[in-house]
Amino acid sequence: MSLEQFKNRNVGVQSYKTLDVGTTPETGMEKFTQVVKRSVKGELFVGLWVVMKRMLQALFQNDMHTVKYPFEKLPISPRYRAIHEMLRLLESGHYRCIGCGLCEKICISNCIAMETRYDENQRKEVTEYTINFGRCIFCGYCAEVCPELAIVHGPRYENASEQRASFSLFEDMLTPIDKLNLQQEYDGFGAVSPNADNNIKQTPLAY
Amino acid sequence: MTTTLTEHIVTDLPQVTAVGVIIKAVIILAVISAIAGFGTYIERKVLAFMQRRLGPMHVGPYGLLQIAADGIKLFTKEDIVPQNANAFIFKIAPVITAATAFIALSAVPVFPDFTIPDFIPLLGGTFVPSIASDLNIGILFVLGMMAAGLYGPLLAGMSQANKWGIIGAARTAVQFLSYEVVTGLSILAPIMLVGSLSFVDFNNYQAGGIADWLIWKQPVAFVLFLIAGFAETNRTPFDLLEHEAEVVSGYATEYSGMRWGMFFIGEYANMITVSVIASIVFLGGYDAAGALGWLFIMAKIAFFFFLMLWVRAAWPHVRPDQLMWLCWKVLMPLAVVNIVITAIVMMV
């Protein structure tokens, strides 16, 4: 391949199809006929009808695109990475975290801090566990690396507060023991959002 | 033709007194201001529906009290006269827009005439006419007043030390020069047919029902007048003065609070005036007898008002040079040809 060919960036210019855009009028008479044609063609009324149809659909077929956000929320993807959640074992209610420390090690923004000790049964017990949400970039590595599916990302994205620290203690992220039956299992990587079927649209073929 | 101009029969109507006219003026001011405020709500709602949105929803049921919220906001905002502006002209410019819009309405029939019932003290028995002042040159007066209203944007833009304002003022001049010829010439043909400049004569000329409407005799004049009316009220295809994508807010860039609000009220009052003129001159006015006719003209005015919002949702706006091209090279020749043909038909 020669250098000229390599530098030619007009890839595939030979197979482009040119649309028929008509000719630019040159003489006065051609300009005049073009103006008259466009005036009587009624394209403007097509535009009027388009918006009128939209209005009728919006009013009578309830085809509104507005989501009244604080009152109604769109379902989000299970892969969404918001504030972390600490899950419990469903049978015993004990927290799943085994104190392995992998999340602390993998955290690229160095925002997870944990301390562990052996309890009387020689099991690892988590004594301190905090995530500094001022530093967390919500990359999701901690949830990915966790061997027990103990730390996952939850759907709680409305995390405006005076102190981000108020989200970040282990007890804050842990599933409340009385709401154990409501605990959502992580769907796994590649899971689709619950309303995925509604979001599928017909591919427009008439380009 | 000249005889009908003076034979204006008002003998069967009660005496129009100064008190009645003043009451009428107050009614026009109050009601049209309120409708102008309500018009902003309607405009936002209609535009929202056409874009599949909801529009204002939170203040009051279906956002109806949004007008009150906006009004409170406008009235309580700090009155700012920016640095380096010519303060006197800056302050008086919005008054010109609002005042001329309402003065124009004084010669237009709005709302039916009525007599205040006798049990009301002081004013009982006063006849309130449908037109505050039934001038025999009604159309000329209204068009002239609406044209004078363009001094508002012009002076507003030039009084402030702001480039957007200057460009807005220059565009005002361009727009004014373009559409004013078309307005006058387009409405001249119906005036020739009717032989009078009074709105009452126009109404009486078309009193015979839908078949008598002037739109069937003067379709070209109707379309031309509608286009010129859109330019006159700065509505969307021709909103060069304050098109925010190009000149921020044009002449209104440095205005805020109630001074800006007065421009707004003036614009909406002008929209109503143009709707009224189009309804009376071309669509038969309040032809049916009694209250039904007034319902009809309300419907016609409402339709024209809706048309302006509809067009705003649907069409892009033109460039200043396109507006001049349209008005001078297309619309004005058409209007002249229309007048000549009308004259020939009338002569034969």
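Is it the case that some residue within segment A:108-124 is under 28 Å from the mean Cα position of the chain (by Cα), loosely packed, with under 13 Cβ neighbours inside 10 Å and at positive phi?
Within segment A:108-124, the subset under 28 Å from the mean Cα position of the chain (by Cα) is A:108-113.
After this cut, where a residue has to be loosely packed, with under 13 Cβ neighbours inside 10 Å as well, the list is A:108, A:110.
Narrowing the set further to residues that are at positive phi leaves A:110.
Yes: segment A:108-124 contains one or more residues that are under 28 Å from the mean Cα position of the chain (by Cα), loosely packed, with under 13 Cβ neighbours inside 10 Å and at positive phi.
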Entirely in segment B:166-250, the helices (runs of 4 or more DSSP H) that have 1 or more residues that are among the basic types (Lys, Arg) and touching a helix residue (DSSP H, G or I) at 6+ places or on another chain (Cβ under 7 Å): B:214-217
Inter-residue pairs, beta-carbon under 9 Å, first at positive phi and within 13 Å of chain A (Cβ to nearest Cβ) and in segment B:38-55, second of a type in the set (A, V, I, L, M) and assigned to a helix (DSSP H, G or I), 6+ apart: B:Arg52/A:Met55; B:Arg52/A:Ala58; B:Gly55/B:Val46; B:Gly55/B:Leu47; B:Gly55/B:Ala48
Residue match in segment B:143-166 (condition: surrounded by fewer than 21 Cβ atoms within 10 Å (Cβ to Cβ), in contact with a Leu (Cβ under 7 Å, 6 or more places away or on another chain), of a type outside the set (Gly, Ala, Ser) and at negative phi): no
Can you find a residue in segment A:138-157 that is of a type in the set (Lys, Arg), touching a residue at least 60 places away in the same chain (Cβ under 8 Å) and surrounded by 13 or more Cβ atoms within 10 Å (Cβ to Cβ)? yes
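Considering every residue within segment B:310-330, establish whether at least one is among the aliphatic types (A, V, I, L, M), free of Cβ contacts under 8 Å to residues at least 40 places away in the same chain and assigned to a helix (DSSP H, G or I). Even if it seems obvious, please write down each step before you answer.
The initial filter retains those residues of segment B:310-330 that are among the aliphatic types (A, V, I, L, M), namely B:311, B:313-314, B:318, B:323-324, B:326, B:330.
Of the ones still in play, those that are also free of Cβ contacts under 8 Å to residues at least 40 places away in the same chain are B:330.
Filter once more, keeping what is assigned to a helix (DSSP H, G or I): B:330.
Among the residues of segment B:310-330, at least one is among the aliphatic types (A, V, I, L, M), free of Cβ contacts under 8 Å to residues at least 40 places away in the same chain and assigned to a helix (DSSP H, G or I), which makes the answer yes.
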Hits in segment A:32-49 - residues which are more than 7 Å from chain B (Cβ to nearest Cβ), within 15 Å of B:Ala313 (Cα to Cα) and among the aliphatic types (A, V, I, L, M): A:Val46
Can you list residue pairs whose Cβ atoms sit under 7 Å apart, with the first residue in segment A:187-207 being among the aliphatic types (A, V, I, L, M) and the second being surrounded by 10 or more Cβ atoms within 10 Å (Cβ to Cβ) and in a loop (DSSP other than H, G, I, E, B)? Count only pairs 6 or more apart in sequence or on different chains. A:Ala191/A:Pro78; A:Ala191/A:Arg79
Picked from segment A:50-66 (must be facing chain B (nearest Cβ under 10 Å) and hydrophobic (A, V, I, L, M, F, W, C)), the residue surrounded by the most Cβ atoms within 10 Å (Cβ to Cβ) is A:Val51
Note down all Cβ pairs under 6 Å where the first residue falls in segment B:75-96 and is closer than 16 Å to B:Gly257 by Cα, the second is among the acidic types (Asp, Glu), and they're at least six residues apart or on different chains. B:Pro82/B:Glu254
Filter result for the condition that a residue is crowded, with 17+ Cβ neighbours inside 10 Å and in contact with a Pro (Cβ under 9 Å, 6 or more places away or on another chain), over B:Ala85, B:Ala48, B:Ala98, B:Ala36: B:Ala48
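Looking at A:Glu128, A:Glu185, A:Glu148, A:Glu162, which one is in a loop (DSSP other than H, G, I, E, B), among the charged types (D, E, K, R) and more than 29 Å from A:Phe71 (Cα to Cα)? Walk me through it before giving the result.
Details: A:Glu128 fails: in a loop (DSSP other than H, G, I, E, B); A:Glu185 fails: more than 29 Å from A:Phe71 (Cα to Cα); A:Glu162 fails: more than 29 Å from A:Phe71 (Cα to Cα).
Exactly one residue qualifies, and that residue is A:Glu148.
For residues that are of a type in the set (Gly, Ala, Ser) and assigned to a helix (DSSP H, G or I), scanning just segment A:30-76, find the one that is farthest from A:Tyr157 (Cα to Cα).
A:Ser39
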Tell me which residues, restricted to segment B:68-88, are under 24 Å from the mean Cα position of the chain (by Cα) and closer than 15 Å to B:Ala252 by Cβ. B:Leu74
Failed condition for B:Val281, given (1) in contact (Cβ under 8 Å) with a residue 12 or more places away in the chain; (2) surrounded by fewer than 21 Cβ atoms within 10 Å (Cβ to Cβ); (3) in a helix (DSSP H, G or I): (2)
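This table checks each residue for (1) under 30 Å from B:Leu307 (Cα atoms); (2) of a type in the set (A, V, I, L, M, F, W, C).
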| site | (1), (2) |
| --- | --- |
| A:Gln57 | yes, no |
| A:Phe71 | no, yes |
| A:Ser77 | no, no |
| A:Ser109 | no, no |
| A:Tyr118 | no, no |
A:Glu85: more than 14 Å from chain B (Cβ to nearest Cβ) and touching a helix residue (DSSP H, G or I) at 6+ places or on another chain (Cβ under 8 Å), yes or no? yes
Can we say B:Phe303 is within 14 Å of chain A (Cβ to nearest Cβ) and either surrounded by fewer than 23 Cβ atoms within 10 Å (Cβ to Cβ) or farther than 26 Å from B:Leu155 by Cβ (or both)? yes
Quick check on this structure: which one of B:Ser186, B:Ser133, B:Ser106 is touching a Leu at 6+ places or on another chain (Cβ under 7 Å), in contact (Cβ under 8 Å) with a residue 60 or more places away in the chain and within 29 Å of B:Ile215 (Cα to Cα)? B:Ser186
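Looking at the structure I just gave you, is A:Glu104 surrounded by fewer than 10 Cβ atoms within 10 Å (Cβ to Cβ), away from every other protein chain (no Cβ under 13 Å) and assigned to a helix (DSSP H, G or I)?
Numbers: surrounded by fewer than 10 Cβ atoms within 10 Å (Cβ to Cβ): no; away from every other protein chain (no Cβ under 13 Å): yes; assigned to a helix (DSSP H, G or I): yes.
No.
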If we scan segment B:105-116, do we find a residue that is surrounded by fewer than 16 Cβ atoms within 10 Å (Cβ to Cβ), at negative phi, at pLDDT 85 or above and under 28 Å from the mean Cα position of the chain (by Cα)? no
One residue is enough: does segment B:115-127 have a residue meeting the conditions assigned to a helix (DSSP H, G or I) and out of contact with any strand residue (DSSP E or B) (no Cβ under 6 Å at 6 or more places or on another chain)? no
Would you pick out the residues in segment B:228-278 that are buried (at least 22 other Cβ atoms within 10 Å of the Cβ), of a type in the set (A, V, I, L, M) and within 30 Å of B:Val200 (Cα to Cα)? B:Ala228, B:Ala231, B:Ile265, B:Ala269, B:Met271, B:Ile272, B:Val274, B:Val276, B:Ile277
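The values are calculated or read from the model by the stated rules, or taken from the named source; none is laboratory data. Note that the coordinates shown come from a computational prediction; the quantities given were computed from them, not determined experimentally. Cβ: placed from backbone, ideal geometry, glycine included. Neighbour counts: every protein chain shown.
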